Amino acid sequence: MSKRMFSLSVGILVISSGMSSADWGPAVNLGPNVNTITHEVDPSISSDGTKLYFASLREGGYGGADIWVSEYKDNSWQPPINLGPNINDSFYQYHPSISSNGMKLYLDNGCYIFESSYSDGSWQPPNVVELGMPQGIRSFAPCISQDSTKLYFTSMSDNMWNIWVSEYGDTSWQPATMLGPNINTKQWEACPSISSDGTRLYFCAMRGGGYGGYDIWVSEWEEKVEESEKPNTSESSHGVFQTALNPSIRLLTINYHVPVSGWVTLKIYNNAGNLVRALINEMREEGNYTIKWDGTDETGIQVPAGTYFYQLKVGEYTSAKVSVILR
């Protein structure tokens, strides 16, 4: 089996999505600075949208497919820079995935997943990421989550490529687990890409219901809190809430405190424990903040009157309260 079996293109395109459109717009080629007559594949965009990492067989490399980066300046993508001999060699490097802070790079050689750190002005020699996979099983196409706590990738199971995930523990990556039957089938699923808010997983698959061959699919995360896991609404010394609700316009003002700098989530649940709206899912510095909830769910539809929980998490700290929407 060729290592390039799961390449999604032989050139890099951007696909636009208009605010008023319910579908993806036409793809636009990124032009000759990025694309050449050779293969440019496996794009990974930085969180600020200014750097595009990809694999290419273009001239100027080290002999195989190398990892390059192009920077967006002056309204165009600039000629890419090779990441250098610490990352690239005469063999093949594929599927770069850059962390949200730009300091970690994940990639593979078709068999193993590697991690490199950026320090002293350059990318350091990468180390194999130990994911607890059986000896001799190939793993590739890594994708790091926005908060760097989950690493999605492709590996073999029952003679099929499937999508797996490993979570970062206190000091290391934990043994990976295969995602469930909503993602993985008896066909082939590969090359995962997780959205910045962690709620949508894009991947390629050869399965029923497609257009023939490998198609791009997306799965949305459905979070549900069981009765025994509903947010504890007792007050906490961390992440203390102060709220004000205007029932006439269904506007909830939430003032909250972040006790330590870290990844912050603020989510709204209904009384059945179903996730209604994720208001915050990002890094925040220590301090006091205010956010408003207009009583709509993730799709912009007004929620019905009833009891709603809102839960704040900052690292190990959790605080939750209850609000009632009257109409």
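The values are calculated or read from the model by the stated rules, or taken from the named source; none is laboratory data. Just so it is clear, the model here is predicted, and its values are computed rather than measured. Positions of Cβ are generated from backbone atoms using ideal geometry, with glycine treated the same way; all protein chains shown enter the neighbour counts. For accessibility, only protein heavy atoms count, side chains too; no ligands or nucleic acids. Shrake-Rupley method; radii C 1.70, N 1.55, O 1.52, S 1.80 Å.
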Considering residues of segment 183-201 that are touching a strand residue (DSSP E or B) at 6+ places or on another chain (Cβ under 6 Å) and open to solvent by 70 Å² or more (accessible area, probe 1.4 Å) only, the residue nearest to Asn281 (Cα to Cα): Arg200
Subset of segment 96-114 (residues that are outside any loop (DSSP other than H, G, I, E, B) and over 19 Å from Gly60 (Cα atoms)): Ser97, Ile98, Lys104, Leu105, Tyr106, Leu107, Asp108, Ile113, Phe114
Residue in segment 45-54 that is over 24 Å from Ser145 (Cβ atoms), open to solvent by 30 Å² or more (accessible area, probe 1.4 Å) and at pLDDT below 95 present: no
Among residues of segment 76-125, those that are within 23 Å of Leu30 (Cα to Cα), aliphatic (A, V, I, L, M) and open to solvent by 20 Å² or more (accessible area, probe 1.4 Å), counted: 2
Residues being surrounded by fewer than 15 Cβ atoms within 10 Å (Cβ to Cβ) and under 15 Å from Asp108 (Cα atoms) - total across segment 135-175: 2
Residue among Leu266, Leu279, Leu252 that alone is at pLDDT below 85 and open to solvent by less than 40 Å² (accessible area, probe 1.4 Å): Leu252
Cross-chain or 6+ apart pairs with Cβ under 7 Å, segment 61-90 first and of a type in the set (Ser, Thr, Tyr), then open to solvent by less than 50 Å² (accessible area, probe 1.4 Å) and assigned to a strand (DSSP E or B): Ser70/Leu52; Ser70/Trp77
